[in-house]
Amino acid sequence: AQSVTQLDSHVSVSEGTPVLLRCNYSSSYSPSLFWYVQHPNKGLQLLLKYTSAATLVKGINGFEAEFKKSETSFHLTKPSAHMSDAAEYFCVVSDNDYKLSFGAGTTVTVRA
Amino acid sequence: DTAVSQTPKYLVTQMGNDKSIKCEQNLGHDTMYWYKQDSKKFLKIMFSYNNKELIINETVPNRFSPKSPDKAHLNLHINSLELGDSAVYFCASSQGSFTFGSGTRLTVV
């Protein structure tokens, strides 16, 4: 069985400061891991994905995530937050090609 | 060209009605899905089809009936709509990578 826990339901940062969104996963197999972003009243956009290649994954808009098998974690980071980063972020795990399991989401607010 | 397109974008209807949401993908993917996002933004899979065959049905009430006329289309028909069906429904397709539509916001009044 696969599942995801996003450790923070809400993260608030100042513009220009680093962002850290924490995610722990549970999976029976070697999982694929994803981060998706959802801006208000919009669809889901893929930020990045891990599929057993390099453990440090670079995504769009300056985001990156590190896969740590020993900690079963896949935390998302960005060195400098921008106002446009305010959105809902979902950590997602997949054991196979047919099913994604979503975390509960982390709401990011960016203060000017 | 939109990769995964859903129609309509918004749907407001009365309890007891029957409605359909359409989804089309032009990515040539073999697998399509319907996900439901509730008011707390939690996303949960409802159905998955691979090459027009149902492979996942996550204990969704049988008022919900997906239909896949071909592998590029996966439509969702809902009978006897209830207040609790109000949500945002996302269609998606995959072939290694998942691509989501922009969602259909269903409001049952």
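What follows is calculated from the coordinates using simple rules that are stated; it is not laboratory data. Just so we're clear, the structure is a prediction, and the values are computed from it rather than from any experiment. Note that we place each Cβ from the backbone using ideal geometry, even for glycine, and neighbour counts take in every protein chain shown.
Here are the numbers for the structure shown:
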| item | result |
| --- | --- |
| Percent RCO, i.e. relative contact order, over chain A, from Cα pairs under 8 Å lying at least 6 residues apart | 38 percent |
| Spin-label zone in the range B:65-109 - amide nitrogen under 15 Å from a point set 7 Å from the Cα of B:Gln14 along the C-beta vector | B:80-83, B:108-109 |
| Fully extended contour minus Cα-Cα distance, from A:Glu15 to A:Ser30, at 0.36 nm per residue | 1.8 nm |
| Gaussian network model of chain A, springs between alpha carbon atoms under 10 Å - residue of A:Ala81, A:Ala53, A:Ala65 with greatest fluctuation | A:Ala53 |
| Sparsely packed GluC sites (Glu not before Pro) within the range B:1-62, loop by DSSP, other Cβ within 10 Å at most 16 | B:Glu58 |
| FRET efficiency, 1/(1 + (r/R0)^6) with R0 22 Å, evaluated for A:His39 and B:Lys67 via beta carbons | 0.10 |
| Sparse-neighbour loop sites [trypsin sites (Lys or Arg not before Pro); the range A:10-100; at most 13 other C-beta within 10 Å; DSSP] | A:Lys42 |
| Packing-based exposure ordering (other Cβ within 10 Å, fewest first) of B:Leu54, B:Leu81 | B:Leu54, B:Leu81 |
| Rounded if a/c under 1.5, otherwise prolate or oblate - the range A:29-91, Cα gyration tensor axes | prolate |
